[in-house]
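The values are calculated or read from the model by the stated rules, or taken from the named source; none is laboratory data. Computed from a predicted model, the values in this text were never measured in an experiment. Positions of Cβ are backbone-derived with ideal geometry, glycine not excepted, and every protein chain shown enters the neighbour counts. Areas reflect the complete protein model, heavy atoms only, side chains present, ligands, DNA and RNA absent. Shrake-Rupley method; radii C 1.70, N 1.55, O 1.52, S 1.80 Å.
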Amino acid sequence: MYKLAMHRLGHSALLIFGVVTVVFFTNFLLGDPVRVMLPASTPPEAVEEFRRQMGFDRPILVQYWEFITRAALLDFGDSWWQKSPSLEIALRPFPATLQLGIVAIALASLLGIGIGLFAGARPGSTWDKLATSLSILGVSLPLIWFTLMMALVFSVWLGLLPTAGYGTAGHMVLPVVTLAALPLGRTVQITRASIIDELAKPYITTARSKGLSERTVILRHALRNALPPIVTEIGWESALLLTGYSIIVESVFGWPGFGFSLYHAILTRDMPVIIAMAFVAALVVVLINIIVDIIYVIADPTIRKT
Amino acid sequence: MNSIKMASTSSVRPIRSAQRILDFLNHFSRDKFATAALVIFSALVLSSVFADLVAPHDPLKQDLLNRLKPPVWVEGGSWTYVLGTDLLGRDILSRCIHGGRMSLGIGAAVIAMGGVFGSLMGLLSGYLGGRFDAILMRYIDFQISIPYFLLALTIMAAIGPGTLNLIIVLSIGSWPLFARYARSIMMSLRNQVFIEAARVAGGKEVAIMTRHVLPNILSPLITLTTLELSRIVLTEASLSYLGMGVRPPTPAWGLMVQEAHDYLMIANWAVTTPGVFIMITTLSINIFATRLRISTDPLQRGKH
């Protein structure tokens, strides 16, 4: 248990370090920060002068060393456009995204596991076919188009919900539904497959022959063992949702969250903020992995002994 | 599960490959959805390959007098522009057909690069084992645990949008999946009973590879490839929509959605149509892949 935890911790640290490093080098090697910060008409001498002042004329490894030693102390430098620390700018919009994300993930997980169990318990039935078809539809949805269609139908045509903005519960409905669609489809697929596998195992026959009700067999016996792949998938989808889908959904619905701010930082080429946001995203992935591991340990007592 | 696996694999008799293909088609065509999906996907591929012949108009030609024309079934629409025109009076149907060439072409290129490289690395890793395998798997674990979309977006922003850059970035995101999959298949096949049996029965290595191992590697790899293609089409559309993918005025589905985004209220067809094309593509791929997995995997056949 202790060894496993240390191993995971090492992996997490490496992951955060790796992501930050990759984003640093792609930004500073492949793009010229000075060209981004100054207007195109700046005379060349002034560009060079500015480059020296900012320290961008030094070898890239020297700059990287300075950056990474500061980053280790959570100092990612100031934003280029707003004079405040980048990490603060990266963290500020995060609660808004979490607000959407938690509701969407809860919705997708509960509905997904429910539908997946229901379908997996009756493979080949009409209900199963319906659930399978809907899950394929869910995973095939192009998010960019789906968000716009939802806005068109529910806000423009029916006038039921606000098109964009932040504040009331009504503003949350469309972003949550669009964020939940894809994870919901995947959760149904993985739950169904996992439960079908479990139900074919000998211990299920034992449980049934003991005279337990089908409900108990599925909910208490099969589900517990089917859980690990489902939890892994939900964890992965949550990470994707918070750091990927949110960029598109929040941009369309004008939700002032992490994805919206990240896209803004990318468009304005605010490199310190982009790197700080990549750091936050990596941190989110690590935290989700820890939560998934904890659920593993709760679901499967044998892990505790390893 | 294990006992079922062994029972069904040992009962598989060696059959000629022609018979095998017939069997496959027979099994596959029983499913109407899957057949429809395959036909639709083939039509999309053909129209992309022969886009210049199929498209009724030049996708780049502007006709400002006929801008934002609705599709034929809406009042004011005409047969000249069946699916209507966009803000610059370009024919949406033609742009969607050429957009398919872009999206599927990028998908094919990414799979050609990432898929081939990844599969080779995976097979090699499974075959060699040892330190090479350990290091490669550590790296792949690392890359797979990062949600790649954010990284792809920042990399594209740094190196600038464009088709070639897009293909490179998507390939880098794609190869570890193929590597891991190919490796796991290599590892699991190595210890399979029927391989052992073929060897004990005096089968030559080459015959074992082509007749027993290859058919087993191929079908899961085809499934992975098709699913990956659908994912790549979606990612490409998202990146293009965010302005970090295909550059205008090249027709690409995601880009078309973005260009028409601001006119959603007055010309929703300009947004709807390219979106429907993306949806049809991913849907037909996903239905096909789901069915393919069932048809080609003998272990799955009895289940559905």
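Along its first, second and third principal axes, ordered by size, the protein assembly as shown spans 79, 67, 53 Å in Cα coordinates. Contact residues in the stretch A:17-57 by the 40 Å² criterion (accessible area, 1.4 Å probe, full protein complex versus chain alone): A:19, A:26, A:30. Build a GNM of chain A with springs between Cα atoms under 10 Å apart, and of A:183, A:33, A:202 the one that fluctuates most is A:202.
Please list B:263, B:81 in order of solvent-accessible area, largest first, computed with a 1.4 Å probe with all protein chains present. Could the numbers behind the result be given before it?
Working: B:263 75, B:81 30 Å².
Listed by decreasing accessible area, they come as B:263, B:81.
Taking the solvent-accessible surface of protein heavy atoms with a 1.4 Å probe, what is the per residue accessible area of the stretch A:205-306 in Å²? Don't skip to the end; give the middle numbers.
Numbers: 4280 Å² over 102 residues.
About 42 Å² of surface per residue is accessible.
The A-B contact accounts for roughly 3900 square angstrom of buried accessible surface, both chains included, probe 1.4 angstrom.
Charge tally around residue A:137: other residues with Cβ under 13 Å, Lys/Arg +1 each, Asp/Glu -1 each, net +2.
Remark on the stretch B:23-303: Rg and Dmax equal 22.2, 76 Å (Cα only).
Compute the relative contact order of the stretch B:23-303 as a whole-number percentage, counting only Cα pairs closer than 8 Å that sit 6 or more residues apart in sequence. Mind dumping the intermediate values first?
Details: 381 pairs, mean separation 68.2, N = 281.
Taking the mean separation of contacting Cα pairs over the length of the stretch B:23-303, I get 24 percent.
Solvent-accessible area of the protein assembly as shown (1.4 angstrom probe, protein heavy atoms only): carbon and sulfur portion equals 68 percent. With the convex hull drawn over the C-alpha atoms of the stretch B:249-289, the volume per residue is 60 Å³. Selection among B:129, B:94, B:114 by position relative to the dipole of the stretch B:23-303 gives B:129 as farthest towards the positive end (Cβ unit charges, Cα centre). For the stretch A:1-90, the solvent-accessible area of protein heavy atoms averages 62 Å² per residue (probe radius 1.4 Å; ligands and nucleic acids excluded). Placing +1 on the Cβ of every Lys and Arg and -1 on the Cβ of every Asp and Glu, with no other charges, gives the stretch A:112-220 a dipole of roughly 380 debye about its Cα centre. Its Cα centre serving as origin, the stretch B:23-303 has a Cβ charge dipole (Lys and Arg +1, Asp and Glu -1) of approximately 800 debye. Select from A:149, A:172, A:271 the residue whose mean-square fluctuation is largest in a Gaussian network model of chain A (Cα-Cα springs shorter than 10 Å). The residue with the greatest mean-square fluctuation here is A:149.
The contact residues of the stretch A:245-259, meaning those that lose at least 20 Å² of 1.4 Å-probe accessible area when all protein chains sit together rather than their chain alone, are A:247, A:248, A:252. Compactness of chain A was expressed as the Cα radius of gyration divided by 2.2 N^0.38 Å, which yields 1.23.
The residues of the stretch B:131-230 expose, per residue, 47 Å² of accessible area to a 1.4 Å probe.
How do A:153, A:34 stack up against each other in accessible area, from largest to smallest, with a 1.4 angstrom probe? Don't jump to the answer; show the numbers that get you there.
Values: A:153 50, A:34 0 Å².
So, going from the largest accessible area down, we get A:153, A:34.
Pairs of lysine residues in the protein assembly as shown that meet both criteria, 8 or more places apart or on different chains and Cα atoms under 27 Å apart, total 15.
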